[in-house]
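The values are calculated or read from the model by the stated rules, or taken from the named source; none is laboratory data. Given the structure is predicted, the values throughout are model-derived calculations rather than measurements. In this analysis, Cβ positions are derived from the backbone assuming ideal geometry, glycine residues included, and neighbour counts consider all displayed protein chains.
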C-alpha cells in the first residue's frame, strides 16, 4: 500500500494506475483515459506486457472516496482484484470479485459488495442459501418500479410480526426517494443489532432503533431458521 500511495502522490493532478504483480511489486503504467483527472484506462499493450504476472489492478482518486460508479460497473465484470487509493482522505479500498471478504468494512461495489451480497454471505454462514440476484443498471434500486426484493422474499421465508428478532432475520427497508417498495436489505446478527451495506459506504453494524423502524417494510425469517414449534404455530 505504501508503494501505491507513493506512486499516486507523485502524480497529484490526475489519476494514476498500474498493476500489483505476482512477485509483490507495484508498477505504474500510463493512464490513457480521455479524462485522466476523473477516470483511468489501461491500454491493452500494458496488459499484454505484464500478462501472466498481474495479481491485481490499482488506481488513484484525487478527491472521491471509494470506488466510483464507473469503477463499479467495470469491476463487477472483471476477475482481478482492484484497489483504489483516495488522496483526498488518504484511504485505501479493495475488492476481489472472486474472493471472500469480511462482513464488516467492505467498500461498496454494486454487484460484488452491496446490500444483497452482504445478507447472502451472512446467511451462507448460517446454512441458508439465498437465490442469486441478477443486477441491472447501477442505481436501479432507487427507481419507483424496482421490485426485486419484494418479488422474492415470499419464496425465501416468512414475516416476523412479534418483534422477537434473531440472527439471520432479514430487514426489508425503504431508504430511497420512492416510498412503497423495498430498496435496501440488511440482516440481524442479534435481537437488536443488524448489519447492512449502504451505497457509497462501508458495510457496518447498526442498532435497530426508531430511525430504522420507521423505514422498515418487513422482517423476514428464512424458512430454514424457523424452529419446529414456530412452524406449527405459524
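Structure summary
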{"read-out": "So residue 76, is it outside the structural domain of residue 138 (by TED's automatic domain parsing) and modelled with pLDDT under 95", "value": "yes"}
{"read-out": "Selection count where residues are free of Cβ contacts under 8 Å to residues at least 40 places away in the same chain and either surrounded by 13 or more Cβ atoms within 10 Å (Cβ to Cβ) or within 16 Å of residue 182 (Cβ to Cβ) (or both), scope the range 198-219", "value": "3"}
{"read-out": "Lone qualifier among 178, 116 - being at pLDDT 95 or above, buried (at least 18 other Cβ atoms within 10 Å of the Cβ) and either under 18 Å from residue 214 (Cβ atoms) or in contact with a helix residue (DSSP H, G or I) (Cβ under 9 Å, 6 or more places away or on another chain) (or both)", "value": "116"}
{"read-out": "Flag for residue 88 being touching a strand residue (DSSP E or B) at 6+ places or on another chain (Cβ under 8 Å), in a loop (DSSP other than H, G, I, E, B) and closer than 30 Å to residue 167 by Cα", "value": "no"}
{"read-out": "Any hit, the range 151-159, residues being loosely packed, with under 13 Cβ neighbours inside 10 Å, over 17 Å from residue 223 (Cα atoms) and not assigned by TED's automatic domain parsing to the domain that holds residue 41", "value": "no"}
{"read-out": "Residues of the range 99-133 classified as under 14 Å from the mean Cα position of the chain (by Cα) and free of Cβ contacts under 8 Å to residues at least 24 places away in the same chain, total", "value": "7"}
{"read-out": "Close pairs from the range 144-161: first touching a residue at least 40 places away in the same chain (Cβ under 8 Å), partner surrounded by fewer than 17 Cβ atoms within 10 Å (Cβ to Cβ) and assigned to a loop (DSSP other than H, G, I, E, B), Cβ under 7 Å, at least 6 apart", "value": "158/226; 158/234"}
{"read-out": "Test: residue 77 is outside any strand (DSSP E or B), under 26 Å from residue 14 (Cβ atoms) and free of Cβ contacts under 8 Å to residues at least 12 places away in the same chain", "value": "yes"}
{"read-out": "The range 135-146, residues that are at pLDDT 95 or above and either within 16 Å of residue 220 (Cα to Cα) or surrounded by 15 or more Cβ atoms within 10 Å (Cβ to Cβ) (or both)", "value": "141, 143, 146"}
